[in-house]
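To start, the structure under review is shown below, and the notes come after it.
The values are calculated or read from the model by the stated rules, or taken from the named source; none is laboratory data. All of these numbers come straight from a predicted model, not from anything done at the bench. In this analysis, Cβ positions are derived from the backbone assuming ideal geometry, glycine residues included, and neighbour counts consider all displayed protein chains. These area figures cover heavy atoms from the full protein model, side chains too; ligands, DNA and RNA do not enter into them. Shrake-Rupley method; radii C 1.70, N 1.55, O 1.52, S 1.80 Å.
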Amino acid sequence: MSDASILSDTDRTTGRDALRKNIQAALALSGAIRSTLGPRGLDKLLIDDTGRTLTTNDGVTVLETAKVEHPVAKMLINASSVQDKIARDGTTTTVLISAEMLNNAWHLVTQGVHPSMIARGYRMAEEFCRTELPTFTIDAAKEDLLVATKTALAGKSHEAMRAHLARISVEAAEIIIDTRSGVTIADPTRVKVLSQSGGVVTDSQLVTGLVLAKKRILEAMPKKIGAGKVLLINGGIERRSMASEMKLKVTSPGILQSFRDKEIEMLMQQVKHLQSLGVTLLACKEGIDDDIRSALNEAGIQAFRRVAREDLDLLARGCGATLLYDVKGATASDLGVFIESRNEMWNGVAHWIVDTEEGGATFIARGSTTDVLGEVERCFADALGVACQLLEEPLLLAGGGATQVALARKLRRYAETIPGREQLAVEAFADALEIIPRVLAENAGLDPINTLLEVVASQSNANDDVSHHFGLDVNTRSPANMIENGVLEPLRITRQAISGATEAAVSILRIDDVLWAKADATAPDLPDMD
Ligand code: ADP
Ligand code: MG
């Protein structure tokens with residue numbers, strides 16, 4: 001079969017043409033979020049298919065909500081999602097740098113440099129950045145944690161909320177920090193988020209322990225129990241539903257009743273088993289039969305049902321318990337321990353709070369509408385992510401484009417030492433990093449080129465040991481020592497943004513053949529490229 005007939009159902013773009021279209025798509029995407037970068041970034045109003053609206057300043061939210069069809073645009077969105085997962089912040093930065101790398105690559109391609117040569121140069125530049133970055137860092141002191149989380153929230157929402165959430169996120173990170181293995185681990189997923197509509201954002205609070213909006217299964221059970229053992233069941237303690245699972249041949253009047261008695265007896269045996277193991281707290285993902293509730297209470301067990309799987313997982317981690325499918329096979333080693341378990345009414349809603357040895361904390365998000373709540377959750381997640389990163393790797397870089405400008409200056413000197421055409425790619429990479437100060441300036445209503453020149457000049461006029469601290473402070477609208485001005489970013493975020501952006505740009509540069517299925521061969525309208 002010939003090539004043409006195999007591909008009869010596809011539109012095919014190859015070589016330079018494919019690259020040009022792909023780069024256009026990347027630029028269209030970065031153009032869509034460019035205006036959200038930095039504290040002076042603007043909000044976007046997002047509207048989904050059902051007409052629901054959401055205002056946000058968060059690049060990754062814009063991208064993940066937008067219905068983007070273009071495969072290359074999707075690759076960039078993916079890079080930004082990866083950044084969000086690994087570093088929690090720097091998502092807009094990643095996309096902007098990556099798209100700019102591609103834009104600059106296109107200029108080289110038109111001058112006859114092969115994309116694979118550019119890809120190689122980009123990789124060299126990225127490696128150079130990774131080795132240089134640690135020389136730019138300052139050690140993060142305890143009070144810097146708060147400053148850096150505030151930088152992460154710059155431009156999001158209003159000042160009171162930022163200050164409040166930054167403080168809470170640092171507290172939360174300090175609760176969940178785990179140093180037992182000798183290395184510091186601060187895993188943000190150990191903080192549970194419980195959203196409650198009503199109240200104002202600054203009512204959001206942190207509670208130590210795990211909080212669930214749940215009520216014990218029987219009022220008669222004690223509200224509060226002290227230290228004890230817990231069993232977690234990823235199922236229920238219920239009678240089987242007869243209709244769906246079995247056929248019973250009823251030959252005499254008492255048979256049904258005796259069958260039911262037998263089933264209850266089996267459940268009662270499970271209660272006895274729990275008692276013999278010394279269980280005092282029980283949580284099940286599914287139901288707990290009405291007929292054994294009193295028996296559980298008499299056995300001294302406080303019990304909760306319909307507990308979400310995520311919450312069971314958090315409980316399992318906090319208590320050191322194994323999640324089992326049913327009670328029957330439970331052994332002493334499956335149990336976990338807790339310090340206290342209590343039911344409390346908050347604003348008329350029952351809450352269950354479990355304190356465990358392993359800490360764990362719950363962030364109670366408050367806000368008047370679901371949109372506000374969503375924004376509170378996102379801001380908290382960002383701030384917590386940054387706080388956790390800094391506890392794990394307490395190294396900071398100057399923000400406001402300072403680090404990118406300093407890297408660009410060093411990269412240009414490095415480029416001079418490279419004999420081949422990769423030199424041009426390393427220079428293009430350096431130019432691409434400068435998109436950050438340029439867009440920060442643009443969003444602050446400043447002239448991007450003049451501002452960049454001023455920042456570069458301020459770095460070259462400063463002493464060598466602090467030159468890389470000079471960036472654009474959009475609050476004062478002029479170049480400044482960003483460390484002194486408290487605009488700080490974790491090393492890990494900036495490093496990951498550069499690596500992720502390079503990774504995406506390089507994979508896009510390597511594509512030289514795009515096959516579009518004819519059914520959706522509608523490539524989106526793309527901006528012109530010069
Ligand atoms: P991202 O999604 O990439 O995190 P943001 O919109 O959060 O994008 O913007 C982050 C950028 O804003 C960083 O480069 C950070 O250094 C910069 N920034 C924060 N505060 C200031 C400030 N006061 N002046 C200049 N830049 C700032
Ligand atoms: Mg950010």
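Couple of notes before you dig in:
- Each residue in the stretch 123-163 was checked for being surrounded by 17 or more Cβ atoms within 10 Å (Cβ to Cβ) and among the β-branched types (V, I, T), and 4 of them qualify.
- Residues that are aliphatic (A, V, I, L, M), part of a helix (DSSP H, G or I) and open to solvent by 10 Å² or more (accessible area, probe 1.4 Å), drawn from the stretch 437-469: L440, I449, L452, L453, V456, A457
- Of all residues making up the stretch 68-94, the number that are of a type outside the set (K, R) and within 12 Å of ligand 2 (Cβ to nearest atom): 10
- From A365, A383, A350, A361, residue being open to solvent by 10 Å² or more (accessible area, probe 1.4 Å), among the aliphatic types (A, V, I, L, M) and out of contact with any Gly (no Cβ under 6 Å at 6 or more places or on another chain): A350
- Residues within the stretch 179-203 that are surrounded by 14 or more Cβ atoms within 10 Å (Cβ to Cβ) and on the phi > 0 side of the Ramachandran plot, tallied: 1
- Of all the residues in the stretch 313-357, those that are among the hydroxyl-bearing types (S, T, Y), within 23 Å of Q270 (Cβ to Cβ) and either touching a residue at least 24 places away in the same chain (Cβ under 8 Å) or in contact with a helix residue (DSSP H, G or I) (Cβ under 6 Å, 6 or more places away or on another chain) (or both) number 4.
- Taking the stretch 470-484 as the range and being surrounded by fewer than 18 Cβ atoms within 10 Å (Cβ to Cβ) and either over 28 Å from the mean Cα position of the chain (by Cα) or free of Cβ contacts under 8 Å to residues at least 60 places away in the same chain (or both) as the test, the residues that pass are T476, R477, S478, E484.
- Filtering the stretch 18-47 to residues that are without any contact (Cβ under 8 Å) to a residue 60 or more places away in the chain and open to solvent by 60 Å² or more (accessible area, probe 1.4 Å) leaves D43, L45, I47.
Yes/no matrix, rows are residues, columns are (1) under 22 Å from P71 (Cα atoms); (2) of a type in the set (S, T, N, Q); (3) not assigned by TED's automatic domain parsing to the domain that holds M117:
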| position | (1), (2), (3) |
| --- | --- |
| H469 | no, no, no |
| T476 | no, yes, no |
| M482 | no, no, no |
| N485 | no, yes, no |
| R495 | no, no, no |
| I498 | yes, no, no |
| T502 | yes, yes, no |
| L509 | yes, no, no |
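- Meets criteria (without any contact (Cβ under 8 Å) to a residue 12 or more places away in the chain and more than 9 Å from ligand 1 (Cβ to nearest atom)) for T50: yes
- Residue that is nearest to ligand 1 (Cβ to nearest atom), among those in the stretch 155-194 that are of a type in the set (G, A, S) and touching a Phe, Trp or Tyr at 6+ places or on another chain (Cβ under 9 Å): S169
- Test: residue in the stretch 71-79 that is farther than 20 Å from I498 by Cα and open to solvent by 10 Å² or more (accessible area, probe 1.4 Å): yes
- From the list A402, A383, the lone residue that is in contact (Cβ under 8 Å) with a residue 40 or more places away in the chain, hydrophobic (A, V, I, L, M, F, W, C), in the same structural domain as N485 (by TED's automatic domain parsing) and within 16 Å of ligand 2 (Cβ to nearest atom) is A402.
- Test result for D58, charged (D, E, K, R) and within 14 Å of ligand 2 (Cβ to nearest atom): yes
- Residue identified as assigned to a loop (DSSP other than H, G, I, E, B), more than 19 Å from L324 (Cα to Cα) and touching a residue at least 40 places away in the same chain (Cβ under 8 Å) among R216, R239, R293: R216
- Scanning the stretch 101-113 for residues that are out of contact with any Leu (no Cβ under 8 Å at 6 or more places or on another chain) and either within 14 Å of ligand 2 (Cβ to nearest atom) or assigned to a helix (DSSP H, G or I) (or both) yields M101, N104, H107, T110.
- Complete set of residues in the stretch 53-75 that are of a type outside the set (D, E, K, R) and within 13 Å of ligand 1 (Cβ to nearest atom): T56, N57, G59, V60, T61, V62, L63
- Test for I176: is it open to solvent by less than 30 Å² (accessible area, probe 1.4 Å), more than 16 Å from ligand 2 (Cβ to nearest atom), under 21 Å from the mean Cα position of the chain (by Cα) and not assigned by TED's automatic domain parsing to the domain that holds V474: yes
- Search result, residues across the stretch 48-70 that are polar (S, T, N, Q), assigned to a helix (DSSP H, G or I) and open to solvent by 60 Å² or more (accessible area, probe 1.4 Å): T65
- Applying the set (1) outside any helix (DSSP H, G or I); (2) over 23 Å from E434 (Cβ atoms) to S116 leaves exactly one unmet item: (1).
- Unique residue being over 22 Å from V349 (Cβ atoms), open to solvent by less than 40 Å² (accessible area, probe 1.4 Å) and in contact (Cβ under 8 Å) with a residue 12 or more places away in the chain when the list is L274, L210, L206, L281: L274
- Answer from I118, I97 - the residue that is within 16 Å of ligand 2 (Cβ to nearest atom), in the same structural domain as S81 (by TED's automatic domain parsing), buried (at least 17 other Cβ atoms within 10 Å of the Cβ) and over 18 Å from R40 (Cα atoms): I97
- Among the numbered conditions (1) more than 16 Å from ligand 2 (Cβ to nearest atom); (2) at negative phi; (3) modelled with pLDDT under 90, the only one that D43 does not meet is (1).
- V426 being more than 30 Å from A321 (Cα to Cα), modelled with pLDDT under 95 and not in a strand (DSSP E or B): no
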